[in-house]
Amino acid sequence: MKQVIISLVCLLATSISFEEQATVLACPGDNTFTGSTSTDWGTSSNWSEGCVPADDGGAITGTITIASNCVVSSGNSANYTFGSESSLVIEDGITLTNNGTGTWSIDEMKGNGTYCENLPISGSLKPGEDCYGGLHPAFSEFNSSNVTIYVSGNNVVIETNGLPDHTSPYWADTNPLNIDPVCTTEAQMSPGDIDNFNGSFSLTIPIEPALAANSSSTGLGAIGIARSGSVIYNDEEGPNVPLDNAVGSLDCNGAHTGPQSYHYHLEPVAWSEDDQNLIGVMSDGFFIYGRKCQSTGTYPTDLDASGGHTSRTQHCSEEHYHYHIENELYLNEYYILFPGDYQGTPNGIN
Ligand SMILES: [Zn+2]
Ligand SMILES: [Zn+2]
């Protein structure tokens, strides 16, 4: 089950540009949020100058530094503009959470801290214009025990041990995540335990993936990496062998073992069931989400033939292309995870 922080979009406060506007501080000049009394932005004693930055109609001059975790309360409707004469600095390891309803325009955000704005986004602040400026915020959802993700040059490298992070009858009996089969049976299960496979995979994708001139079909084997750590397969079980023949072997997450590792074919209900949760990343670099989209809160109606569209997600307020699990029943009870085609350029998962 997702935690409540799913309703926040967070981004690192580095090299992010926002459009400019005009405002002033009642308390002009440099000011630092020290949090000496509480985490509340609106409490004067939490500020080094003993006054709260106020919205009185001109550009803020000076540097506003957030040196302690800070929350703009939902009752705060103040408007702020950080233009060319000022900057907002969020210090490393510090989070500024904006639950306010005012309009914030920030020309430049500095520091290595994190800015979170409660969704839906209000006002003119559009954080996340640079979601693809480095590691996309969605990568923070991947299980870091199984998956290592880093930027290398103009690429992102995703390395996984191939293991899932949830229960399955495909774990060896000795594994604490082993459960008795519910959606399959011992007799129908594919041979091999998760533990028996060397499922390590590596995928290298561009930092900012692009739509290709032509779509391309998915192949057998791994076509994406799920956030759990295990890989994603398409809707076939072998060369010209439809998944129908193997569906009885799938566990409740639409996954089974072989030939190289545990892999998903269907909606992985361990962490996404009829919702907008992140599923993983496909080999063309585009993310795939559950059957609903955060931009509308329901099933998208503008999907292309691959289940993709361009819209906002919970990870970025800018609109970017991404896929969804399509809300179309398969065999009257399942949802195929990603039959294809790729709308970007696929990369090897080896
Ligand atoms: Zn399979
Ligand atoms: Zn969407």
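Going by the structure shown, is Asp180 within 26 Å of Gly248 (Cα to Cα) and surrounded by fewer than 15 Cβ atoms within 10 Å (Cβ to Cβ)? Against the criterion (within 26 Å of Gly248 (Cα to Cα) and surrounded by fewer than 15 Cβ atoms within 10 Å (Cβ to Cβ)), Asp180 qualifies. Within segment 221-240, the residues that satisfy the criterion of being out of contact with any His (no Cβ under 9 Å at 6 or more places or on another chain), part of a loop (DSSP other than H, G, I, E, B) and closer than 19 Å to Leu163 by Cα are Ile223, Arg227, Gly229.
Under 7 Å between Cβ atoms, which residue pairs at least 6 apart in sequence (or on different chains) link something in segment 287-298 that is assigned by TED's automatic domain parsing to the domain that holds Gly224 with a partner that is within 16 Å of ligand 1 (Cβ to nearest atom) and hydrophobic (A, V, I, L, M, F, W, C)? Here the result reads Ile288/Phe338, each pair linking segment 287-298 to a residue that is within 16 Å of ligand 1 (Cβ to nearest atom) and hydrophobic (A, V, I, L, M, F, W, C).
For every residue, the table says whether it meets (1) of a type in the set (A, V, I, L, M, F, W, C); (2) buried (at least 22 other Cβ atoms within 10 Å of the Cβ); (3) outside any strand (DSSP E or B); (4) away from ligand 2 (no atom under 16 Å from the Cβ).
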residue: Ser295; (1), (2), (3), (4): no, no, yes, no
residue: Ala305; (1), (2), (3), (4): yes, no, yes, no
residue: His309; (1), (2), (3), (4): no, no, no, no
residue: Arg312; (1), (2), (3), (4): no, no, no, no
residue: His322; (1), (2), (3), (4): no, yes, no, no
residue: Pro339; (1), (2), (3), (4): no, no, yes, yes
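Contact map, segment 225-254: residues that are at positive phi paired with residues that are within 16 Å of ligand 2 (Cβ to nearest atom), Cβ distance under 7 Å, separation 6+ or inter-chain. Pairs shown: Gly254/Glu267; Gly254/Leu337.
Of the numbered criteria (1) in contact with a His (Cβ under 6 Å, 6 or more places away or on another chain); (2) at pLDDT 95 or above, the one Gly248 fails is (1). Exactly one residue out of Ser48, Ser73 is surrounded by fewer than 17 Cβ atoms within 10 Å (Cβ to Cβ) and modelled with pLDDT of 85 or more, and it is Ser48.
Residue-wise test of (1) farther than 24 Å from His136 by Cα; (2) surrounded by fewer than 22 Cβ atoms within 10 Å (Cβ to Cβ).
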{"position": "Thr185", "(1), (2)": "yes, yes"}
{"position": "Asp193", "(1), (2)": "yes, yes"}
{"position": "Asn198", "(1), (2)": "yes, yes"}
{"position": "Ser202", "(1), (2)": "no, yes"}
{"position": "Asn214", "(1), (2)": "yes, yes"}
{"position": "Ala222", "(1), (2)": "no, no"}
{"position": "Glu236", "(1), (2)": "yes, yes"}
{"position": "Pro239", "(1), (2)": "yes, yes"}
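Every condition in (1) at pLDDT 95 or above; (2) within 16 Å of ligand 1 (Cβ to nearest atom); (3) more than 29 Å from Tyr150 (Cβ to Cβ); (4) not acidic (Asp, Glu) holds for Gly238 except the one numbered (1). The residue that is surrounded by the fewest Cβ atoms within 10 Å (Cβ to Cβ), counting only those in segment 241-282 that are within 10 Å of ligand 1 (Cβ to nearest atom) and part of a helix (DSSP H, G or I), is Ala246.
The values are calculated or read from the model by the stated rules, or taken from the named source; none is laboratory data. What you are looking at is a predicted structure, and each value in this text was computed from that prediction instead of being measured. Positions of Cβ are backbone-derived with ideal geometry, glycine not excepted, and every protein chain shown enters the neighbour counts.
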